[in-house]
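A short write-up of the structure that comes next.
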Amino acid sequence: MTHPDGIAGPRVRPRRLRSTAAIRRLVAQTDVAPRHLVLPMFVADGLAEPKPIVSMPGVAQHTMDSLRVAADQAVAAGVGGLMLFGVPCAQDKDTIGSGADSADGILNRALAALRADLGDDTVLMADTCLDEFTDHGHCGVVDAAGRVDNDATLDRYGAMAVAQARAGAHMLGPSGMMDGQIAAIRAALDEAGHPDTAVLAYTAKYASAFYGPFRDAVDSSLVGDRRTYQQDPANRAEALRELELDLAEGADAVMVKPAMGYLDVLADVAASTTVPVAAYQVSGEYSMITAAAERGWIDRRAAILESLTSIRRAGASVVLTYWAAEVADWLR
Ligand code: PBG
């Protein structure tokens with residue numbers, strides 16, 4: 001190509017801004033910083049020592065002691081928050097998930113211990129959902145016909161939320177996808193004197209095969225699936241309907257989950273709200289990258305950083321990832 005002035009080649013060259021590392025750094029639109037990252041952690045009752053989760057190499061169910069050590073390390077690395085999941089002993093599970101709102105339940109004990117250790121130095125978050133505590137493994141109470149009873153479940157979520165706030169959680173993550181769950185939790189918190197406990201709504205949570213390894217992580221008892229309450233992966237607009245409802249019900253921040261297969265949904269949600277938007281890079285996303293890297297098929301570190309950058313680029317201000325502490329350490 002020759003221009004009228006005799007100079008050959010294109011005048012417009014996007015490669016100019018890619019030509020040195022310094023220029024690339026200067027013009028990079030998106031970054032990932034430790035403060036954006038939240039580490040999901042599992043604490044199990046009755047363990048003598050941490051138990052590796054086979055389908056998530058590098059992640060373990062913690063004992064209370066190992067949880068405290070790992071939480072300290074994550075906070076020292078600079079993560080923005082911790083999201084706690086409790087794994088009760090099998091014999092403590094029941095039809096209504098009683099362990100979820102008992103102060104003695106494993107999750108509430110762990111929240112109290114971490115709040116005592118960490119104070120307000122990190123954002124302590126709790127999974128507000130019954131599935132780890134029910135013997136049938138569903139996220140709610142099951143009726144006589146075997147269906148998850150939405151409204152009976154809301155009462156349980158309210159009680160669980162209050163117990164978590166009392167134990168010391170700063171922010172609750174209701175992940176059960178029941179209708180009206182944010183309003184029910186907000187009302188229960190306010191009535192119990194916890195108006196400052198924030199709610200991070202799982203706004204768009206899809207019925208995903210990528211939760212597979214998580215079910216191992218929490219020793220899930222689930223038989224069947226969650227398709228009567230989690231969203232159909234085929235639906236995009238529905239996420240915006242869930243967003244409207246969660247905001248009207250009082251959500252302080254919203255979340256999309258999983259992340260990588262749902263970046264379109266994440267971008268839609270981020271463009272449609274003024275509240276902070278989080279995304280959850282779930283267990284299956286973790287395990288896929290881990291497995292491919294173990295085989296030498298992809299560059300582990302580069303793939304992890306690219307995945308997190310993509311999630312941030314799509315619009316997440318907060319990213320939940322099982323690599324939070326490690327990546328925070330890299331970025332420090
Ligand atoms: C339900 C819950 C799940 C996850 C977080 N909260 C599992 C499910 O909905 O089946 C999945 C997280 C992951 O896969 O990393 N309380």
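We did not get these values from a lab; they are worked out from the coordinates using the rules stated. Keep in mind the model is a prediction, meaning the values are calculated, not measured. Virtual Cβ from ideal backbone geometry, glycine too; neighbours counted across all protein chains shown.
Residue order for C89, C129, fewest other beta carbons within 10 angstrom first, comes to C89, C129. The spacing between the stretch 275-332 and the stretch 84-118, judged by their C-alpha centroids, is 27 Å.
Reported to the nearest whole Å, the Cα centre-to-centre distance from the stretch 34-59 to the stretch 177-206 is 25. Each peptide in 70-83, 43-56 receives the mean, over its residues, of other Cβ atoms within 10 Å, and ordering these scores from highest gives 70-83, 43-56.
How would the stretch 32-331 be classified by its alpha-carbon gyration tensor: rounded, prolate or oblate, with rounded meaning a/c under 1.5 and the a/b versus b/c comparison settling the rest? Note, shape of the stretch 32-331 comes out rounded.
Across the stretch 1-129, C-alpha contacts under 8 Å between residues 6 or more apart give a mean separation that, scaled by the residue count, equals a relative contact order of 23 percent. Per-residue ellipticity at 222 nm, computed for the chain from helices alone with -39500 (n - 2.57) per DSSP H run of at least four residues, works out to -11500 deg cm²/dmol.
Based on C-alpha pairs under 8 angstrom that are at least 6 apart in sequence, the stretch 32-331 has a relative contact order of 20 percent. Once both labels are positioned 7 Å from their Cα atoms along Cα-to-Cβ, the gap between A28 and E49 label points is 3.9 nm. Using a simple spin-label model with pseudo-atoms 7 Å out from Cα toward Cβ, R16 and T274 lie 3.8 nm apart. Compared with the dominant principal axis of the Cα atoms in the chain, helix 181-191 is inclined by about 60°. By the count of neighbouring beta-carbon atoms within 10 Å, fewest first, M41, M260, M160 end up ordered M260, M41, M160. Peptide packing for 280-290, 18-28, 140-150 was compared via the average number of neighbouring C-beta atoms within 10 Å per residue; ordered from the highest value, the list is 280-290, 140-150, 18-28. Looking at the chain alone, DSSP beta bridges between its own residues are antiparallel in about 10 percent of cases.
Listed from fewest to most Cβ neighbours within 10 Å, the set H36, H138 follows the order H36, H138. Normalised by 2.2 N^0.38 Å, where N is the number of residues, the C-alpha radius of gyration of the stretch 67-172 stands at 1.12. A cut-off of 5 Å between modelled amide H atoms, ignoring neighbours fewer than 5 places along the same chain, links C89 with D45.
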